[in-house]
Amino acid sequence: MVRMSRGVLFVSDLHIGSSVAMIPDNLRVYDGVVVRPSKAQRWIKSKWQDMISDVKKITNGMDLITVFNGDLIDGDHHGTYQLVTADQTEQARMCIEIITPLVDMSSKTVFIRGTMSHVGREGRWDNLISRNFDNVETFGTGETSHWHADFEVDGVRFDVAHFSTQSGIARNSGNAINQLAAETEFSYYRNGKKPPHYAIRSHRHIYKTSGDNFFTEAIQTPAWQLGTSYVRSGANPNSLADIGAVLIICDNGKSEKIVFKHRPIVQKTIKI
C-alpha cells in the first residue's frame, strides 16, 4: 500500500459580518434588503476561493485536516459601524455558508475559540458554528470547540491557540514571535513533554514566523479581514493585513510549510 502524506490547513480571523470581510453574494438581510459585496469584499472572496482550489490541488488524495483558529464572525463589538449586519445569528449563518466547501473537503476539522469581544463569552459563536458539522475533532472532551489544542499528525506535533501578542514598534516586530517559540518549547520541556514542531497563533492579522531559531517554529497566521477603522485611525495607518492561510504537509515526522499570503493593493501617492 502506498503511504500518503497528510495536510493540516490553518485558517483564522474570517470576521464574517464585517464590512471589510467576505460576505455571500447577494446577501439578503432584514426587510428584504439585499447587500452586494464591495470591490474589496470581492477581492477577499476571490483569494479565499483561490486558496481552496490550490489546497485541493496540493492535497490531492491526501487526508486533510482543517483548523479554524478563531474569530469566525466579527460580532457586534465596540460600537463599530463597520458591519453588514449586527445580527450575530445571521453572521454565523453566513459563516457556515462560506466555510462549508472547505469543511466538506476535509476529513476532519478542529475549531479553536477566538476573542470574546468578537465571538462572545466562552467563544459561543465559534462553538455554535462548530456544532453544525459532523467531522469535528473533540479530543475526547465532547466539546466541538476548544481554547487550546495540542495534537500530533503523522509524527508532526502542533500547539494551537488563537491569541497572539505583537509589538507595535516595527523594529521590534519579530521579538514576540520568537518569544512565543521559546516559551512554548520550554514549557513543554518543563511539563515533561516533547515540544511541538509548530506553535500556531492568529489574532494579529499579520503573518509572522520564528523560522528555525528554535526547535519549535512559531507561526502567526494571516487573516481574512482587511484593516478596520480601528487600524486606520491608529498610530500606523499604513499597516496592512495579510490575507491567506498556512498549510503544513506532514509525512512521518517531517513537514513542509506552504503559505498562502496576499497583500491588499496599496494606494498610490496622489499629487495635489
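So which of 114, 75, 79 ends up being farther than 19 Å from residue 162 by Cβ and assigned to a loop (DSSP other than H, G, I, E, B)?
79
Looking at 271, 194, 254, can you tell me which residue is over 25 Å from residue 41 (Cβ atoms), at pLDDT below 95 and exposed (fewer than 15 other Cβ atoms within 10 Å of the Cβ)? It would help to see each step written out before you state the result.
Numbers: 194 fails: at pLDDT below 95; 254 fails: at pLDDT below 95.
Answer to the selection: 271.
Is at least one residue of segment 107-118 of a type in the set (Gly, Ala, Ser), surrounded by 22 or more Cβ atoms within 10 Å (Cβ to Cβ) and in contact with a strand residue (DSSP E or B) (Cβ under 8 Å, 6 or more places away or on another chain)?
Within segment 107-118, none of the residues are of a type in the set (Gly, Ala, Ser), surrounded by 22 or more Cβ atoms within 10 Å (Cβ to Cβ) and in contact with a strand residue (DSSP E or B) (Cβ under 8 Å, 6 or more places away or on another chain).
Does segment 223-245 contain at least one residue that is hydrophobic (A, V, I, L, M, F, W, C), in a loop (DSSP other than H, G, I, E, B), more than 23 Å from residue 41 (Cα to Cα) and touching a His at 6+ places or on another chain (Cβ under 8 Å)?
No: zero hits.
Checking the conditions here, which among 25, 31 is surrounded by fewer than 16 Cβ atoms within 10 Å (Cβ to Cβ) and on the phi > 0 side of the Ramachandran plot?
The match here is 31.
From 190, 171, 201, grab the single residue that is in contact with a helix residue (DSSP H, G or I) (Cβ under 7 Å, 6 or more places away or on another chain) and basic (Lys, Arg).
Values: 190 fails: in contact with a helix residue (DSSP H, G or I) (Cβ under 7 Å, 6 or more places away or on another chain); 171 fails: in contact with a helix residue (DSSP H, G or I) (Cβ under 7 Å, 6 or more places away or on another chain).
After applying the criteria, what remains is 201.
Just checking, which of 13, 54, 50 is of a type in the set (D, E, K, R), buried (at least 18 other Cβ atoms within 10 Å of the Cβ), within 24 Å of residue 206 (Cβ to Cβ) and touching a strand residue (DSSP E or B) at 6+ places or on another chain (Cβ under 9 Å)?
Going through 13, 54, 50 in turn, the sole match is 13.
Could you check segment 251-265 and list, in sequence order, the residues that are part of a strand (DSSP E or B) and within 19 Å of the chain's Cα centre (by Cα)?
256, 257, 258, 259, 260, 261, 262
Could you check segment 1-27 and list, in sequence order, the residues that are more than 18 Å from the chain's Cα centre (by Cα), over 18 Å from residue 75 (Cα atoms) and either part of a strand (DSSP E or B) or at pLDDT 85 or above (or both)?
Matches in segment 1-27: 5, 6, 25.
Report, ordered by the first and then the second residue, all pairs with beta carbons closer than 9 Å, sequence separation of six or more or different chains, a first member in segment 200-216 that is over 13 Å from residue 162 (Cα atoms), and a second member that is among the basic types (Lys, Arg).
So the pair list comes out as 207/261; 208/201; 209/257; 216/157.
When the residues of segment 158-191 are filtered to those that are part of a loop (DSSP other than H, G, I, E, B) and modelled with pLDDT under 90, which remaining residue is farthest from the chain's Cα centre (by Cα)?
Taking the candidates together, the pick is 169.
If only one of 159, 150, 212, 154 is of a type in the set (D, E, K, R) and on the phi > 0 side of the Ramachandran plot, which one is it?
154
Anything in segment 10-48 that is hydrophobic (A, V, I, L, M, F, W, C) and closer than 28 Å to residue 246 by Cα? List them, or say none. Spell out how you get there, then give the answer.
Pass one, segment 10-48, residues hydrophobic (A, V, I, L, M, F, W, C): 10-11, 14, 16, 20-23, 27, 29, 33-35, 40, 43-44, 48.
Residues satisfying the conditions are 10, 11, 14, 16, 20, 21, 22, 23, 40, 43, 44, 48.
The values are calculated or read from the model by the stated rules, or taken from the named source; none is laboratory data. The structure presented is a predicted model; accordingly, all values stated were derived computationally and were not measured. Virtual Cβ from ideal backbone geometry, glycine too; neighbours counted across all protein chains shown.
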